[in-house]
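For reference, the structure is listed below as structure tokens.
The values are calculated or read from the model by the stated rules, or taken from the named source; none is laboratory data. As the structure is a computational prediction, the values presented were derived from the model and not from experiment. For neighbour counting, all protein chains shown are included, and Cβ atoms are generated from backbone atoms with ideal geometry for every residue, glycine included.
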Amino acid sequence: DPTLDVAAVRKDFPILARRVHDKPLVYLDNAATSQTPRQVIETLDHYYRHYNANIHRGLHTLADEATAAYEQAREVVRGFMGAAERREIVFTRGTTEAINLVANSWGRTHLKPGDEVLVSQLEHHSNIVPWQLLAEQLGFRIRMIPVDERGALDMAAYRDLFNERTRLVAVNHISNAFGTINPVREMAAIAHEHGALILVDGAQAIPHEPVDVQSIDADFYAFSGHKVYGPTGVGVLYGKAALLEAMPPWQGGGEMIKTVSFDAGTTYADIPHKFEAGTPPIANVIALGRALEWVTDVGIARIGAWEQQLLSHANGRLADIDGLRILGTAPHKAGVISFVVEGAHAQDIGLLIDQLGVAIRTGNHCAQPLLHHFGVEATCRASFAAYNTQEEVDTFVEALQRVVAMVR
Ligand code: PMP
């Protein structure tokens, strides 16, 4: 059966039973953080009750069990994103840390004054600021890939930006602010034609559509656990093995070395451990593996298709609200609706709709350059996940109608 059994999915999420301001919770802030199924909560609970121990330095039963579960999660991630090898999967604290790793390790060794890095106008601050910090120190140039009026990347402009100094493209797979799905496979091919690498921020893609890093031919691909039904505090950097092998460590500490000596210097562990200094978020890594298994059991394609249904239902209903403008109308969009309403501040809408039990996001969505380009400081954003229903979309739209009537 191709359709998602949303009633069954909802049963896995204990939080969906809670009430907010004495109303049933309607959670539509999934692009910020998704809710957590009981299978993931139970995995965390089981870890702390039964085999909590540090990894890789074991020689006792608990340490061996924790190490095995941690490395098994790496295998799950590998399979989920279609990586060729397990050692291409580096665990980080999240997308932000994964991008900072690439900037500080690959960027610091490869980017020279006069070099150019292409960063899209759709980026989350976490894929802009690390490049700016580094550019201040190294003197390379950041050039922006512009969006068109629908919030889709201007591919002609993208092609035109390349020259012999272009080293890297940094782009998200799906925009958190507008939901635009970027043609990252085509963008990777163009980057490679020009001898540049591509880093894809997949924070918003991994939870919503099947991702295969090899078919995209991404050089780096990053995502966060907490947006894909997993815990906070864990994320992933995929990197092609040859690139990771050639990169210097970024953080130093335990777990990432082969030998340490004051006299003879220090040698580093093989990838991926070279990039996992210190005690990693062991429980969260193991629970992230469980979250991806949960997604696979439900079916990532099925989840994406369901969210598309919710998106078109919401688009239809929102068209009835006078003065509502949706920002981001690209033909390929994920289940994210960013909007402003004439005569009503986004902040006021967010606060008042919360009183009706509906959780949406208001603000700049960590994408100030994009919002400023569209002439706004803030939007309201509703974003969907596997457990949302058409009835919830209706509740949201009706609540929005009430709120807009109040503030106008
Ligand atoms: N990139 C995108 C597209 C995102 O949506 C987010 C989170 N909003 C991030 C990066 C940053 O993720 P994290 O805060 O988990 O590091």
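For this structure, a couple of remarks:
- Residue in the range 329-336 that is within 15 Å of the ligand (Cβ to nearest atom), at pLDDT 95 or above and basic (Lys, Arg) present: yes
- Members of the range 146-156 that are within 12 Å of residue 120 (Cβ to Cβ) and outside any loop (DSSP other than H, G, I, E, B): 147, 153, 155
- Qualifying positions in the range 53-99 - of a type in the set (Lys, Arg) and either modelled with pLDDT of 95 or more or part of a helix (DSSP H, G or I) (or both): 74, 78, 86, 87, 93
- Top-ranked residue in the range 172-191 [being over 16 Å from residue 30 (Cα atoms) and within 11 Å of the ligand (Cβ to nearest atom); ranked as farthest from the chain's Cα centre (by Cα)]: 182
- Screening residue 245 against (1) in a loop (DSSP other than H, G, I, E, B); (2) in contact (Cβ under 8 Å) with a residue 24 or more places away in the chain; (3) away from the ligand (no atom under 16 Å from the Cβ); (4) of a type in the set (Asp, Glu) leaves a single unmet condition, (1).
- A single entry from 96, 67, 109 fulfils the requirement of being in contact with a helix residue (DSSP H, G or I) (Cβ under 7 Å, 6 or more places away or on another chain) and either among the hydroxyl-bearing types (Ser, Thr, Tyr) or surrounded by fewer than 16 Cβ atoms within 10 Å (Cβ to Cβ) (or both): 96.
This table checks each residue for (1) surrounded by 14 or more Cβ atoms within 10 Å (Cβ to Cβ); (2) not in a strand (DSSP E or B).
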| residue | (1), (2) |
| --- | --- |
| 131 | yes, yes |
| 135 | yes, yes |
| 144 | yes, no |
| 158 | yes, yes |
| 163 | no, yes |
| 169 | yes, no |
| 178 | yes, yes |
| 185 | yes, yes |
| 188 | yes, yes |
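- When the range 210-237 is filtered for residues that are more than 14 Å from the ligand (Cβ to nearest atom), closer than 30 Å to residue 39 by Cβ and either within 13 Å of the chain's Cα centre (by Cα) or surrounded by fewer than 22 Cβ atoms within 10 Å (Cβ to Cβ) (or both), the ones remaining, listed by number, are 210, 212, 214, 215.
- Any chance residue 119 is of a type in the set (A, V, I, L, M), closer than 30 Å to residue 326 by Cα and in contact (Cβ under 8 Å) with a residue 40 or more places away in the chain: yes
- Within the range 316-339, residues that are in contact (Cβ under 8 Å) with a residue 40 or more places away in the chain and closer than 8 Å to residue 178 by Cα reach partners that are of a type in the set (Lys, Arg) and surrounded by 19 or more Cβ atoms within 10 Å (Cβ to Cβ) with beta carbons closer than 8 Å, at six or more positions or on different chains, in the pairs 336/381; 337/381; 338/381.
- Selection count, the range 43-53, where residues are in contact (Cβ under 8 Å) with a residue 40 or more places away in the chain and surrounded by fewer than 16 Cβ atoms within 10 Å (Cβ to Cβ): 2
- Residue 169 being farther than 21 Å from residue 288 by Cα, within 16 Å of the ligand (Cβ to nearest atom) and hydrophobic (A, V, I, L, M, F, W, C): yes
Yes/no per residue for (1) under 22 Å from residue 20 (Cβ atoms); (2) surrounded by fewer than 19 Cβ atoms within 10 Å (Cβ to Cβ); (3) in contact with a His (Cβ under 7 Å, 6 or more places away or on another chain):
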| site | (1), (2), (3) |
| --- | --- |
| 336 | yes, no, no |
| 342 | no, yes, no |
| 347 | yes, yes, no |
| 352 | yes, yes, no |
| 355 | yes, yes, yes |
| 359 | yes, yes, no |
| 375 | no, yes, no |
| 389 | yes, yes, no |
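- Yes/no for residue 280 being touching a strand residue (DSSP E or B) at 6+ places or on another chain (Cβ under 7 Å), crowded, with 20+ Cβ neighbours inside 10 Å and part of a loop (DSSP other than H, G, I, E, B): yes
- The set of residues from the range 362-401 being more than 16 Å from the ligand (Cβ to nearest atom), touching a residue at least 60 places away in the same chain (Cβ under 8 Å) and outside any helix (DSSP H, G or I) comprises 374, 386, 387, 388, 389.
- Condition check for residue 163 on (1) within 16 Å of the ligand (Cβ to nearest atom); (2) polar (S, T, N, Q); (3) free of Cβ contacts under 8 Å to residues at least 60 places away in the same chain: one failure, at (1).
- Within the range 12-42, tally of residues that are exposed (fewer than 14 other Cβ atoms within 10 Å of the Cβ) and basic (Lys, Arg): 2
- Yes/no for residue 68 being in the same structural domain as residue 390 (by TED's automatic domain parsing), free of Cβ contacts under 8 Å to residues at least 24 places away in the same chain and away from the ligand (no atom under 16 Å from the Cβ): no
- Here 305, 287 are screened, and the one residue that is within 16 Å of the ligand (Cβ to nearest atom), in contact (Cβ under 8 Å) with a residue 40 or more places away in the chain and among the hydrophobic types (A, V, I, L, M, F, W, C) is 287.
- For residue 157, the stated conditions do not hold, so it cannot be described as among the small types (Gly, Ala, Ser) and within 16 Å of the ligand (Cβ to nearest atom).
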